[in-house]
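Bear in mind that the values in this text are calculations on the coordinates, not laboratory data. All values derive from a computational prediction rather than experimental measurement. We place every Cβ from the backbone using ideal geometry, glycine too, and count neighbours over all the protein chains shown.
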């Protein structure tokens, strides 16, 4: 039994030595920020996608590691939601139902993912309150698009109950990463 312990200690010290060599090797100075000069969109981006400088719903695709997502401008849809299903109830007082149309293309290696599980659309009001509550049954819901495979594209609607008039910013998070912020307000004239 003692041989196993000696073997494990030898492997651990050998691996530790290689780790120390890797850690202390000089770093190659090949890092380049040229990627930031590349054209990542089909047009000119307005804003930086942060809460202080949100993007506009201008028809541009937002890309993550495995997804490309296009959000069409959100619209007030309370009457549409209530008419869609008799199980739907009116939104809470002071809120309205808003729909955000989503088109998403998956480029990852799995065939067991869903757009609904990877794409999170939310809203943060001008008061700083985050909203992610649902609306009930939604026409052409993104949640109903099922599993997707590599190069598959799905489209569907996401609905949120947001403060009346939607004063605030919309958010888009892919695969649980930090969100990008978008505004439905018209861009300022340049």
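Assorted remarks:
- Fewest-first ordering of 123, 57 by other beta carbons within 10 Å of each residue's beta carbon gives 57, 123.
- Going by neighbour counts of Cβ atoms within 10 Å, the residues 177, 60 line up, fewest first, as 177, 60.
- By DSSP, the beta bridges lying fully in the stretch 49-183 are antiparallel in about 90 percent of cases.
- Globularity ratio of the stretch 49-183, using Cα Rg and 2.2 N^0.38 Å: 1.03
- Spacing of the two label points (7 Å from each Cα toward its C-beta) at residue 140 and residue 184, in nm: 1.6
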